[in-house]
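Before any comments, here is the structure.
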Amino acid sequence: MMETPKPSLLGQADTGLARGVCGLLGGLKHLALWLLGLTGLAGCFGLIFEYGEGLADISLHEWGFMLLLLALTWRHVHYSRRFGYGFWRGLARWLGAQGIVLVVGLAVFGLVASLEAQATLSNELSYENKESVLSLLAFVLLAVYLGAPTRPRKAADAIPEAASVRREPSLSSNPDKEVSL
């Protein structure tokens with residue numbers, strides 16, 4: 001195997017700078033997804049409690065949404081514990097999935113809006129109809145469902161099961177020893 005030569009001081013600084021900037025951009029990406037996830041969840045509850053009348057404001061499908069959200073959140077917590085994710089990693093995964101679904105939803109909404117504007121089919125785009133509200137709530141539930149962990153974080157981090165080691169009796173290769181019973 002050939003050994004690579006150690007990079008110069010300038011090469012080490014360049015590599016370190018690139019790693020640092022990539023780490024910073026990756027952290028900002030995750031932070032932006034988490035904040036978008038929080039914004040999306042706040043927007044859903046803003047849609048549910050849009051008139052400010054408390055529980056009297058909630059329709060039947062919104063009750064169903066909240067019950068499903070509670071059940072899927074319990075599932076997420078259960079899988080996070082099962083697969084060894086901590087609280088913060090589980091929350092980050094949950095909010096990251098919400099942020100990704102919101103980004104995809106906004107991209108689809110922008111595409112539809114631009115197509116409608118080009119075709120001049122309608123001048124108003126709003127979330128006032130029941131079907132669009134239901135689809136938004138369904139996408140939030142989909143994000144919660146898909147955000148749950150499905151396997152341990154890393155194979156090295158997985159807790160190995162205690163395996164019993166069975167030793168087989170071995171015969172001595174030394175013929176000078178006598179075996180007594």
Legend entry - In segment 67-81, residue surrounded by the most Cβ atoms within 10 Å (Cβ to Cβ) [restricted to those that are aliphatic (A, V, I, L, M) and within 17 Å of residue 149 (Cβ to Cβ)]: 72
Legend entry - Subset of segment 41-95 [part of a loop (DSSP other than H, G, I, E, B) and on the phi > 0 side of the Ramachandran plot]: 52, 84
Legend entry - Flag if residue 34 is more than 20 Å from residue 133 (Cβ to Cβ) and either among the polar types (S, T, N, Q) or at pLDDT below 90 (or both): no
Inset, instruction - Test each condition in (1) surrounded by 17 or more Cβ atoms within 10 Å (Cβ to Cβ); (2) in contact (Cβ under 8 Å) with a residue 60 or more places away in the chain for residue 91 and report the one that comes out false. - result: (2)
Inset, instruction - Return the total of residues in segment 50-65 being within 28 Å of the chain's Cα centre (by Cα), free of Cβ contacts under 8 Å to residues at least 40 places away in the same chain and open to solvent by less than 40 Å² (accessible area, probe 1.4 Å). - result: 1
Inset, instruction - Could you check, for segment 109-120, whether at least one of its residues is of a type in the set (A, V, I, L, M, F, W, C), over 30 Å from residue 154 (Cα atoms) and not in a helix (DSSP H, G or I)? - result: no
Inset, instruction - For segment 74-85, indicate whether the set of residues that are under 17 Å from residue 142 (Cβ atoms) and without any contact (Cβ under 8 Å) to a residue 40 or more places away in the chain is non-empty. - result: yes
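Yes or no, residue by residue, for (1) within 27 Å of residue 35 (Cβ to Cβ); (2) modelled with pLDDT under 85; (3) β-branched (Val, Ile, Thr):
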residue	(1), (2), (3)
85	yes, no, no
93	yes, no, no
99	yes, no, no
105	yes, no, no
112	yes, yes, yes
125	yes, yes, no
140	yes, no, yes
144	yes, no, yes
Legend entry - Pairs where the first residue, in segment 139-166, is surrounded by 10 or more Cβ atoms within 10 Å (Cβ to Cβ) and the second is modelled with pLDDT under 55, C-beta under 7 Å, 6+ apart: 152/158
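The values are calculated or read from the model by the stated rules, or taken from the named source; none is laboratory data. None of these values were measured; they are calculated from a predicted model. Neighbour counts are summed over all protein chains in view; Cβ atoms, including those assigned to glycine, are modelled from backbone coordinates with ideal geometry. For the accessible areas, the whole protein counts, side chains as well, though only heavy atoms, and no ligand, DNA or RNA atoms are used. Shrake-Rupley method; radii C 1.70, N 1.55, O 1.52, S 1.80 Å.
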